[in-house]
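In what follows, a structure is listed as structure tokens, so that the remarks can point back to it.
The values are calculated or read from the model by the stated rules, or taken from the named source; none is laboratory data. Here the structure is a predicted model, which means the values were calculated and not measured. Neighbour counts run over all protein chains shown; Cβ positions are idealised from the backbone, glycine included. Ligands, DNA and RNA are excluded from the accessible area calculation, which covers all protein heavy atoms including side chains. Shrake-Rupley method; radii C 1.70, N 1.55, O 1.52, S 1.80 Å.
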Amino acid sequence: PKAGDPAGKEFPAWIDENTRSADTLIIGGGVAGTAAAYSLAEMGRSSILAESSSSVAPKIASSNGDSRMYRQMYSDPFFSRMQAVALERWNDVEQKTGRTLLQENGLLFYGEDTGETVEGSVLGAKKTMEDLGLDHTFYATGDEIAAEFPALAGSIGKDYQGVREATAGHIKATKACEALVEGAGDKCNVMCNSKIVALDLKNADDQFSVRATTESGETILAKNAVIAAGPWTNSILEMASLPKLNLEVWQVQWAHYEVDADVAASIPQAFHFREETGIDGGLYYVFPASATESVEASSDGSGKTFVKVGVDFPTGEALESMKGFDFDGCNKVLDLIDGWVAEHLPQVGKRIDAYCSPYTMTTDSYFVMDKLAHNCAIFAGGSGRAFKFGPLLGDCIASLLCDDTESPIALDRFSAKRDAVMIACGEEKA
């Protein structure tokens, strides 16, 4: 400013230079947020995707990594049908971006008859596959499982049953989120390192009813908002003066193990069910060597390959937010994972790393995918099983904001108003 100019003369110009606008503000760069951007772009709608970290699918959130399972093998046929639709949409994303995002590995469900769990059950999945006429293979004993997959030698002599879907596989998680925003093209402005600190859904503006401010002072104006903030959801709802939801944050652990290539060849993508005992929630999974490409890329050239093994139960008590989240996890749970590997994959070698990731859960394990206000849609509570539906979730979220577009699936069971996710007045979590 010139000498004698009033203080702050340049501030309005700075505000103008640091104001962005679009049809829709998307808060969160995980699979739901990036998929919403993709679907909105297909409808010709512009979006600004605000992600607080340095990239979409950041390492501190739940959409990061090499692999997420896709499968039609559910105990609930609704999700089997959802997956069939989602696979068509994943194919659209691959065709549009020229990226290979899905890899068919097959998937084995095996283990004890535990009854239904958050991931279903062996016999429940078998029944759905039969009822829907989907191709599958059934194994009546642990011996049959070990004969088919020699690396699972720990199944020998066990009272196990198994069912395998040959057409299941894994999605390259981080790359899939990147591909979704790439597919959105210039319709989506991705703003990383842009933590939202204020959100007004009743902005007094004839054109833009949504006004947000980032930590660095930038202003974002939009007609609509999508909240897809994972474990940070309730903090966003609070700043928007919307009711919080009954969401839990699970600390979920996983690791990579080295293995000789000849052994790795008979390690399937698998999910193992066993009875809960103490801190052992009884749900374990393994991804084959073909699903650990980032670890392979950083290997020391020793000729070893790697598999990913993890659990689908929480370390410690469920949290109400990311406050207190321990990315180091718990050694007792790592001991359980190590023990499971030693028992079930006895030829697999040492553990080379360990991770703990956040899962945002609902108490009934169904997502929240609904409209919270006339100009605001939400996706939350992925409950560890949302990723596989990625672009279909984007279509559903977009339909909530576009009155002339019908949702491709029924959204009733994902209502934000159902008892499992509503917090009664006077009982709101701190």
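What the table below lists for this structure:
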read-out: Check on D364, over 26 Å from K126 (Cα atoms), open to solvent by less than 60 Å² (accessible area, probe 1.4 Å) and charged (D, E, K, R); value: no
read-out: Among (1) in contact (Cβ under 8 Å) with a residue 40 or more places away in the chain; (2) farther than 30 Å from A420 by Cα - the single one D262 does not satisfy; value: (1)
read-out: Hey, A342 over 27 Å from A225 (Cα atoms), touching a helix residue (DSSP H, G or I) at 6+ places or on another chain (Cβ under 8 Å) and small (G, A, S) or not; value: no
read-out: Given (1) under 20 Å from S266 (Cα atoms); (2) surrounded by fewer than 22 Cβ atoms within 10 Å (Cβ to Cβ), number of the condition S155 does not satisfy; value: (2)
read-out: Answer residue from segment 165-181, given it is touching an Asp or Glu at 6+ places or on another chain (Cβ under 8 Å) and open to solvent by 20 Å² or more (accessible area, probe 1.4 Å) and is farthest from R385 (Cα to Cα) among those; value: A166
read-out: Filtered residues of segment 115-129 (kept if surrounded by fewer than 18 Cβ atoms within 10 Å (Cβ to Cβ) and either touching a residue at least 60 places away in the same chain (Cβ under 8 Å) or on the phi > 0 side of the Ramachandran plot (or both)); value: G115, V118
read-out: Selected residue (only one of D205, D262, D200 is surrounded by fewer than 24 Cβ atoms within 10 Å (Cβ to Cβ), among the charged types (D, E, K, R) and closer than 30 Å to E104 by Cα); value: D262
read-out: Complete set of residues in segment 337-352 that are open to solvent by 40 Å² or more (accessible area, probe 1.4 Å) and in contact with an Asp or Glu (Cβ under 9 Å, 6 or more places away or on another chain); value: Q347, K350, R351, I352
read-out: Sole exception among (1) open to solvent by less than 60 Å² (accessible area, probe 1.4 Å); (2) under 17 Å from H170 (Cβ atoms); (3) in contact with a helix residue (DSSP H, G or I) (Cβ under 9 Å, 6 or more places away or on another chain) for F273, by number; value: (2)
read-out: Residue list for segment 319-349, filter: touching a Phe, Trp or Tyr at 6+ places or on another chain (Cβ under 7 Å) and assigned to a loop (DSSP other than H, G, I, E, B); value: M322, V348, G349
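Residues are listed down the side, and each one gets a yes or a no for (1) under 13 Å from L392 (Cβ atoms); (2) more than 21 Å from the chain's Cα centre (by Cα):
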position	(1), (2)
R89	yes, no
K96	no, yes
L108	no, no
K127	no, yes
